[in-house]
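To start, the structure itself, in structure tokens.
The values are calculated or read from the model by the stated rules, or taken from the named source; none is laboratory data. All values reported here derive from a predicted model rather than from experimental measurement. Note: ideal-geometry Cβ built from the backbone for every residue, glycine included; neighbour counts use all protein chains shown.
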Amino acid sequence: MDFATKVENDKHENTYIDPNAGKVSLRRYAEDWLNAVILSSGTWESYERILRLHVLPRLGRKTIAQVTAADMQELYKAGAKPNTIEARGIALSSLLSHAVRRKRIANNPVQEAEKPAGPVVPVDERSLPRLEEIQAVTRARP
């Protein structure tokens, strides 16, 4: 099958991905996605922080089509604790799954990346300090 026939067939089957659709930078796509996505405020803040502090400094200049499973594995290596690794993967996977659904990229490289071995430790939210306790500590510091 020649290229033109394949493109027409993919369009007919609604599987066609425009090669230019993935040429937006990960940084720009993340900004647009965060402004449009509907998440709880806590999840939104967590994703924004993960992207801003961990993902975009390393991968933000790449286009979304250039992000690979190897990039994700490098990002995993930069996070020492299993929970940190898991959080980075969830945030970036959500963003890239959105790009797949919008036919900007063909697949989500996060799903292809191998995570380092290590259990994710569940967090007992009852053991976390309350907002009032955090504020009291903050006020007590010079």
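Yes/no per residue for (1) over 21 Å from Ser46 (Cβ atoms); (2) touching an Asp or Glu at 6+ places or on another chain (Cβ under 9 Å); (3) of a type outside the set (Asp, Glu); (4) at pLDDT 85 or above:
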position	(1), (2), (3), (4)
Thr68	yes, yes, yes, yes
Gly79	no, yes, yes, no
Ile90	no, no, yes, yes
Arg102	yes, no, yes, yes
Ile105	yes, no, yes, yes
Ala113	no, yes, yes, no
Val120	no, yes, yes, no
Val123	no, no, yes, no
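Among the residues of segment 58-67, is there at least one that is within 14 Å of the chain's Cα centre (by Cα) and assigned to a helix (DSSP H, G or I)? Checked segment 58-67: at least one residue is within 14 Å of the chain's Cα centre (by Cα) and assigned to a helix (DSSP H, G or I).
Residue-level analysis places Val137 among those that are surrounded by fewer than 14 Cβ atoms within 10 Å (Cβ to Cβ), of a type in the set (Val, Ile, Thr) and part of a helix (DSSP H, G or I). For Ser40, the conditions (1) modelled with pLDDT under 90; (2) among the small types (Gly, Ala, Ser); (3) surrounded by fewer than 16 Cβ atoms within 10 Å (Cβ to Cβ) are fulfilled apart from (1).
Okay, residues lined up against (1) outside any loop (DSSP other than H, G, I, E, B); (2) within 11 Å of the chain's Cα centre (by Cα):
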residue: His54; (1), (2): yes, yes
residue: Ala70; (1), (2): yes, no
residue: Glu74; (1), (2): yes, no
residue: Ile85; (1), (2): yes, no
residue: Gly89; (1), (2): yes, yes
residue: Pro116; (1), (2): no, no
